Structures are given as structure tokens and as C-alpha cells.
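Beneath this line is the structure, given in C-alpha cells, with notes to follow.
Every number in this text was worked out from the coordinates using simple rules, so none of it is lab data. Treat the numbers as computed from the prediction; the structure is a model and nothing was measured. Neighbour counts are summed over all protein chains in view; Cβ atoms, including those assigned to glycine, are modelled from backbone coordinates with ideal geometry.
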Amino acid sequence: MDLRYSDVDEAFRARLREWLSSELPKLPVQPARDDWSARRGWDTDWQRRLFDAGYAGINWPKEFGGQGATPSQHLVFLEETTRARAPYVGVNFVGLLHAGPTIIAEGTEAQKTDHLSNILRGDEVWCQGFSEPQAGSDLAAVRTKAVLDGDHYIVTGQKIWCSYGQIGDYGELLVRTDPDAPKHKGITWLMLPMDLPGIEIRPLKTVLGSSEFAELFLDEVRVPVSCRIGAENDGWRVTNVTLAFERGTAFVSEMVDALRLIDDLSPYVTDPAYRRELGHLAAELDGVWALTKRNVTQAARTGVMGPGSMMIKYAYSELRQRLGELSMKVLERDVLAIDAVGEFVEERLRTLALTIAAGTSQIQKNIIGERVLGLPKEPRP
Amino acid sequence: MNFDLTDDQVALRDGIRSLLMGRFSMERVREGFDRSMFDELTEAGVFSLRADGFSWADSVVVYEELGRACVPGPLVGSAGADAVVDVIEGRSGDAVWVEHLASLDRLLTLGNDGIREIPAASLIGAEADWPLDPLTPAHRVESLPAGELVGTASEASRLLNELTLLTAAQQVGLASALVDMSVGYAITREQFGRPIGSFQAVKHMCAEMAVKAEVARAAVQAAACIMDDPDTGDMMRSLHGAKIVAGEAAIMTGRTATQVYGGMGFTWEVDVHLYLKRAWVLETRFGSADTHADAVAEMLPQPEPSQR
Ligand SMILES: Cc1cc2nc3c(=O)[nH]c(=O)nc-3n(C[C@H](O)[C@H](O)[C@H](O)COP(=O)(O)OP(=O)(O)OC[C@H]3O[C@@H](n4cnc5c(N)ncnc54)[C@H](O)[C@@H]3O)c2cc1C
């Protein structure tokens, strides 16, 4: 058991660090926070730079245009880019961390050729249309209906919380293709070209006042059958492939970011009781970070994430809530203007969602209890 | 980076675990620490790990198992010694609590000037007749003798770090056992016609405990790896962090396990209270979570002096 990165990993780190220090100063000025088409341009420009420098799709297999980095190099990549304050994946999140890996695992040859390199280059932006007003935690209850008509599905329904809905080229779409089957057995995974007729996109304003999320209203949208990933009615299994990626390393940069935020907040913390709480939070985040390394090691050895992967998201998101609360206490009356002091208040608001999005903390605890600890499931009605 | 137990470490863990299960049953543990326990652990190599070439990463694996089995005694102080030894922080003249005094050969104290050695026979104190942990007898020594200087200040701080690490490993073991006990109980105990572990309120308590224990284990093992190979991290920060999260995990899992067990958790018969009481005892040794948190905060960027 050791924490020493290999020489190869360290060489990778050194090269990346050098590239970041020369590339980051060249970035254009960031666009206004709620100008999403400009932000799409800015985020995809960064993705293009990563691509040109040979860092795009860091953990994607080489044969699909990725870098084939080992899990430990992937960690190094996330550590270094976050510490250097390189841009966040932003609008590329769904394509790089969700849809792309799903297409790699489950897509046809044609789907791979059509999408993977576009995603890596920043030429194609994806949004996620899983959740529905009536299907959040109970995702398998999706109702959006798809009826086969020749070589098209006719899709009607409503989606909510569609990240980057207004600016996405494609959406990940879960639809119900067999209303009579048990709920997990009648779902299909479709790629939704966002420019098809019959799609209405309404921005959903969040507590931050921003609108990177959208509601989608789908009215008899004709989606080609060639857009289906996996078999008809096999969409729940495909969804779990997608979500497993999210559980892997999708949250690592959030965690490194949290450690950075602790350093940023620290100079404002003068009250000894608050400094003590800050020390506790730093220690606990260090611990979750160590658990992440454990998990990455297990993934490298066995090919599957260890049980820790189901704990990390829960642990770090709850810690972010505490850190957010501490920031509010520390800043006192300066919280009255969101941008009066640093990003702390904005972060407090943003992190309210961390224990909700991508599976609420309660759902995470159900999963830990049942899948990791082997506790009996709740009786279903 | 291979931050997972090696095959040798798995074998080490399984070996010590089966030894403890065979010879240190809860019935025996409940009788408290005695010389025969010390001799058997010595024979098993528990106190000579470092001398026998084991790393700190190996050592925390073993000490976690001692915690899991709730083995009582001055186990951390005796590490590396050929006698029953405990180590406390304190200076000449201090009023202190000494654990296991009747079994000790000597006491070491860690102070600013270094390590001091005091023969157990020269320690005078009254034994508490109602100790918190029935397996950790405590003597109140009103005035600590000066003892003899046997180590430098830097040796004292190194020893303190090592003992802090091993204590944190024991705390992880306590937490881990408490998780296993609670999950086992939640699966077998039925109310309202179903296992209590199928109720979310209980399931979520178990999940919270498991996360605390898992994070603590990772933190302690990371600190051990850094002690073995100091340029792979910030040793002091990881050590403070390990003691914080391990101490909190042990106490939190003890308290929560009591809740999972319901009324049985409040009985002398069920082992949970022994683990929780040990967790509280270990929390007082080599710095509490709060004092370590203050130390971590000292390592973070500081406010301008004018603001303080
Ligand atoms: C910022 C943000 C971004 C998001 N991004 C996307 C996205 O890009 N694409 C997408 O498809 N979705 C996205 N979501 C949706 C997200 O996945 C859901 O909000 C989440 O799964 C919870 O569903 P819900 O909102 O319907 O709440 P509900 O499921 O109605 O939950 C309400 C409350 O009930 C609790 N609860 C529900 N079921 C149980 C249970 N079985 N046991 C215990 N407690 C339970 C929950 O924990 C919660 O406290 C996003 C959400 C947010 C806030």
C-alpha cells in the first residue's frame, strides 16, 4: 500500500503542468454568467484546446480518440487542472462524462463515428433528459412515451432539469416504449437531436437566478430509430451504465475544488470556533480524497469501482453543505450581496443542489445500505 | 500508486484477525488486560512490528484489528517495547490519569524537553472505583514524578506522531466492528414483521456509520503511507486528519450502534457500550479531534494579523 505516483505519472504531471501554465494565460475573457450561448463558445473553445494538446477524453480508450490514461493519470489530470484553476468541463460535461462513455460502451459503429470525435473536439454539446416532473428519484418511472412508426419513434412527453438544454445539439433521452411491461423493462435510451420539430425548450431558473437547466416539452417528435442506444426496452440497463460513470470520477474535480475553497475561505476565518470547524472540514475532505484514491486503485486492479464509489458522492456533497454554511457564518453581513466577497455565497447557493442532483443523499444512503451493506430492501407496495 | 492492501497485507490482516478471534474472545476481553495477554501479543509479534521490518502501513492494519477485537491494554505504548509500557503527555508535577497502572512496568511521558521514563513502582495514585471503560482501569496520580530523561524533544515528537497513528488505527477498528455489529443486528432483529434494517431510518443510520468508518480507514492508511514515504504527502496534516476522522468515526458509530440496538444497546450484556467507552477513552489520548482540527486550521492560509 503506497501513495507514490509512478515515474510515468509524474512525467505526465510535469508535462501537463507546463502546458497549463502556458495555455491558461491565453484564454479569452470569460463571458457573462448567464449568457449561455457565449458560454458554450467559451467552454468548447477550452475543449478544443485540450483536444489539440492531446488531453481530450483523458480516460476514454485510445481507439475512440481518447488518451487511454490509467485511473491514476486521470486523477493527476483532475488534480492539476483544478489546482491550476483551469476551466471546468462546463457544457461538455454531459458529452464527455455521460453520453460519450455510454456510446463507447453500448453504441453501434456508426454512432461511435458520428459522435465521439465531435464530442472530444468540442464540436458537439450534449444535454441530459432523464428526469421528469413525476420521475426524479424514481427515475424508472419515466412516462415520456415513444411509439414506433416505421423507422422513427414518435416521442411525446416532458423532461425537467435538462442540463444545458438550450444549447445542446443532442440530448440523452429516456423514453417508455412498453407501457405494459414492469417499469424497469419498458424503457429505451435515445439520442435526441435537439433541432427536431416538436421540441419546446423552456429555461428553468434556479435559486442562483441562472438558467443552464431547461424543461423540455416533446410533442410528437420524430426521432430516427438509428438514434437508439442499445436494444428497445433495454434502456434501464444502459442507464445504469451511464450512471456508473458518474459515480466513478465525475465528482473528483468538485472535491479538489472544495479543498481549494477551504484555502480561499481560510484567510477570512478569524473566530476560533469557525477555524476549528474549518480544520474539521479540511480533515474530512482529505479523508474522502484518500477514499477516492483507494477507489481508483481498486478500479485499476479489477476494472470495477469499489464499494467506496457509492460513498464518495454522499460524503463529499454533505461536506460541501457544511462548508457552505460555514462560509455564510464567516462572512456575516457581507452575505447580503452575493458577489461582495469572493465566490463564497454563490458557492453556498450552488452547493444546495449537490445533495439533490445525481441521486439525493437519501437515495445514496439507500444504495449504500442495500448494495454495500446488504441490508434488506424496503417492501414495495 | 497502489492505495489498497497488498496481498501480504491482506494475509497479515487475516492472520491477526483469526488469532484474535481464536484467543481473544469477548469473554476473555471482558476480563481485562493482564500479563498473559501481553505475552501472547508479544509472541504474535504485535509489539515488534517495526523491528521485524513491517512498515507503518502494515502496522495500522494490525492495530485496526486490535481495535476491532476491542483488545484492552496499553497496546500503543507497548509498541516497540519489551515491557508493558504506556505513554502519556505530561510534565513533572502534573496531576494525571494513568491507565492500567497495576499492569505497567514503566510509564513514558512526552514533554517539551523530551521523553522521560518513570518506573511504574514510583507512581502513587488512587484507582478509580468506577472507571468509564470497565476494561481500562484508571489511577489518579496527583503529582507526576520527574523521571529520567531518555529521549530528546525531537524523539518525543516523533514518538507522539507514531502513537497518534496507531491510536487512530485502533479507533478505525472500533468503528468498523460497530458497523458490522449494527448491520448484523439490523438484518436479524425483526419488528412490525420485518427486519429493522429494511426501515429506512435504520438503514440510513447504518449507511452513515459505514461511510464514516470507510473514510476514516482511508485517512489513517493514507497517513501511514505518508509516514512510510514522506514525500508523498503532508505528513502532519494527514496525521492530524487521521486522528480527527478516526476518533469521530469511533464515537459516532458507537453512539449510532447503541441506537440501532434499541434497548439492548443500553445493556451491559451487549458489547456496544464497551466499544463506545473505549472510543471515548482513545479520544482523550494524544489529542482530541478538536485539538487536531485546530492544528489543521493552523496549517491553512492565515488571516492578516490585524484581523485576528
Ligand atoms: C442542479 C440540478 C441538476 C440536475 N441535472 C439533471 C440533468 O442534467 N438531467 C436530469 O435528467 N436530471 C437532472 N437533475 C434532476 C435530479 O436528478 C433530481 O432532482 C433528483 O434525482 C431528485 O428527484 P426530484 O427532484 O424529483 O425529487 P424527489 O424524487 O421528488 O425527492 C424529493 C425528496 O424525497 C426524497 N425521496 C424520494 N424518494 C425517496 C426514497 N425512496 N427514499 C427516501 N427518500 C426519498 C428525496 O431524497 C428528496 O428529499 C438535476 C437536479 C438538480 C437540482
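Considering only C-alpha atoms, what is the centroid distance from the range B:199-264 to the range A:82-104, in Å?
So the separation of the two Cα centres works out to 31 Å.
What is the Rg over Rh value, at two decimals, for the range A:251-372, using alpha-carbon atoms and the Kirkwood definition of Rh? Present the calculation step by step, with values, prior to reporting the outcome.
On the way: Rg = 15.7 Å, Rh = 15.3 Å.
Using only Cα positions, Rg/Rh for the range A:251-372 is 1.02.
Go through the range B:122-127 residue by residue and turn each phi into a ³J(HN,Hα) via Karplus (6.51, -1.76, 1.60, θ = phi - 60°); whole Hz please, and just put x for glycine and proline.
Going residue by residue, I get 8, 9, 10, x, 9, 7 Hz, with x marking Gly and Pro.
Based on the mean of other beta carbon atoms within 10 Å per residue, what is the order of A:46-55, B:36-45, most packed first?
Working: A:46-55: 18.2, B:36-45: 15.6.
Listed from highest to lowest mean packing, they are A:46-55, B:36-45.
Treating only the Cα positions of the range B:78-153 as identical point scatterers, give the base-10 log of I(q)/I(0) from the Debye formula at each q in 0.12, 0.17, 0.25, 0.26 Å⁻¹.
Calculated log10 I(q)/I(0) at the listed q: -0.30, -0.60, -1.21, -1.28.
What do you get for the angle between helix A:71-83 and the principal long axis of chain A? Use alpha-carbon atoms, 0 to 90 degrees, nearest ten.
That works out to roughly 60 degrees.
Between A:Gly303, A:Gly157, A:Gly198, find the one with the highest GNM mean-square fluctuation for chain A; connect C-alpha pairs within less than 10 Å.
For chain A, modelled as a Gaussian network with Cα springs under 10 Å, the answer is A:Gly303.
Quantify how much of the Cα-Cα distance distribution of chain A extends past 37 Å, in percent.
On the way: 15336 of 72390 pairs.
Percentage above 37 Å: 21.
Is the range A:210-267 rounded, prolate or oblate when judged by the Cα gyration tensor, a ≥ b ≥ c being the square roots of its eigenvalues, rounded requiring a/c under 1.5 and prolate requiring a/b larger than b/c?
Values: a/c = 5.23, a/b = 2.00, b/c = 2.62.
Oblate.
What percent of all Cα-Cα pairs in the protein assembly as shown falls in each 10 Å bin, counting up from 0?
Over the protein assembly as shown, the share of Cα pairs per 10 Å bin runs 3, 13, 22, 23, 18, 11, 6, 2, 0, 0 percent.
Report Rg (one decimal) and Dmax (nearest whole number) for the range B:55-120, counting Cα atoms only, units Å.
Just the Cα atoms of the range B:55-120 yield Rg and Dmax of 13.1, 37 Å.
What area, in nm² and to one decimal, does the C-alpha convex hull of the range A:192-331 cast on average over all directions? Walk me through the intermediate numbers first.
Working: hull surface 47.3 nm².
Here the figure is 11.8 nm², rounded to one decimal.
Kindly provide the Kirkwood hydrodynamic radius of the range B:7-68 in Å, to one decimal, from all pairs of distinct alpha carbon atoms. Show your work: numbers first, answer last.
On the way: mean 1/r = 0.0827 Å⁻¹.
So the Kirkwood estimate lands at 12.1 Å.
Could you list, bin by bin from short to long, the percent of Cα-Cα pairs of the range B:210-259 in 5 Å steps?
5, 25, 26, 18, 12, 8, 4, 2, 0
Tell me the trypsin sites (Lys or Arg not before Pro) within the range B:46-117 that lie in a loop according to DSSP and have at most 16 other beta-carbon atoms within 10 Å.
Values: sites: B:Arg50, B:Arg68, B:Arg91, B:Arg106, B:Arg116; in loops: B:Arg50, B:Arg91.
In loop regions of the range B:46-117 (DSSP not H, G, I, E or B), the sparsely surrounded trypsin sites (Lys or Arg not before Pro) are B:Arg50, B:Arg91.
Which distance in Å, rounded to a whole number, links the C-alpha centroids of the range B:57-124 and the range B:159-194?
24 Å
Enumerate the amide H contacts of A:Tyr153 below 5 Å, restricted to partners 5 or more residues apart or on another chain; note that Pro and chain-start residues carry no placed amide H.
The answer is A:Val223, A:Val225.
Which distance in nm do the two modelled labels at A:Arg85 and A:His184 give, with both placed 7 Å along the Cα-to-Cβ direction?
Output for this residue pair reads 4.6 nm.
What translational D, rounded to a whole number of µm²/s, comes out for the range A:53-141 from Stokes-Einstein when the hydrodynamic radius is the Kirkwood one over Cα pairs, at 10 °C and 1.306 mPa s? Display every interim value, and only then the final one.
Values: Rh = 14.3 Å.
Value of D from the Cα-based Kirkwood radius: 111 µm²/s.
Any chance you could list the semi-axes, whole Å, largest first, of the equivalent ellipsoid that the Cα gyration tensor gives for the range B:143-217, using √(5λ)? Before the final figure, lay out the partial values.
Working: eigenvalues 380, 32, 12 Å².
Over the Cα atoms of the range B:143-217, the ellipsoid semi-axes are 44, 13, 8 Å.
Report, in listed order, any pair from A:Lys145/A:Lys183; A:Lys293/A:Lys313; A:Lys62/A:Lys112; A:Lys185/B:Lys203; A:Lys112/A:Lys159 with a Cα-Cα distance greater than 20 Å. Each step should come with its number before you reach the end.
Values: A:Lys145/A:Lys183 13 Å; A:Lys293/A:Lys313 14 Å; A:Lys62/A:Lys112 13 Å; A:Lys185/B:Lys203 27 Å; A:Lys112/A:Lys159 25 Å.
Where the Cα-Cα span goes over 20 Å, the pairs concerned are A:Lys185/B:Lys203; A:Lys112/A:Lys159.
Can you bin the range A:7-121 into rounded, prolate or oblate? Criterion: square roots of the alpha carbon gyration tensor eigenvalues sorted a ≥ b ≥ c, rounded for a/c under 1.5, prolate for a/b above b/c, oblate for the rest.
Values: a/c = 2.12, a/b = 1.09, b/c = 1.94.
Here the range A:7-121 falls in the oblate category.
Would you calculate the separation in nanometres between label points at B:Asp39 and B:Met26, each defined as 7 Å from the Cα along the Cα-to-beta-carbon direction?
2.8 nm
In percent, what relative contact order does chain B have, based on Cα pairs under 8 Å that are 6 or more apart in sequence? Spell out each step's value before the answer.
On the way: 495 pairs, mean separation 50.6, N = 308.
That works out to 16 percent.
All other residues with a Cβ under 12 Å from the Cβ of B:Val84 taken together, and with Lys, Arg as +1 and Asp, Glu as -1, what is their net charge? Display every interim value, and only then the final one.
Numbers: positive: B:Arg35, B:Arg106; negative: B:Asp34, B:Asp39, B:Asp82, B:Asp86, B:Glu99, B:Asp105.
Overall, the nearby charge balance is -4.
Grab the other residues whose beta carbon is less than 13 angstrom from that of B:Ser18, score K and R as +1, D and E as -1, and report the net.
Here the charged neighbours net out to +2.
Provide a whole-number value for the mean count of partner chain Cβ atoms within 10 Å of the Cβ atoms in peptide B:198-211.
Average neighbour count from other chains, rounded to a whole number: 6.
Between A:Ser117 and A:Lys329, what's the calculated FRET efficiency when r is the beta-carbon distance and R0 is 41 Å? Round to 0.05.
Values: r = 48 Å, r/R0 = 1.17.
Calculated transfer efficiency: 0.30.
Output the relative contact order of the range A:166-286, whole-number percent, from Cα pairs under 8 angstrom with separation of 6+ residues. Kindly include the intermediate steps, with their values, before the conclusion.
Values: 141 pairs, mean separation 26.3, N = 121.
Relative contact order of the range A:166-286: 22 percent.
Output wanted: per-residue J couplings in Hz (rounded whole) for the range B:265-274, from phi through Karplus 6.51 cos²θ - 1.76 cosθ + 1.60, θ = phi - 60°, x for Gly and Pro.
x, 9, 8, 5, 5, 6, 6, 3, 5, 5
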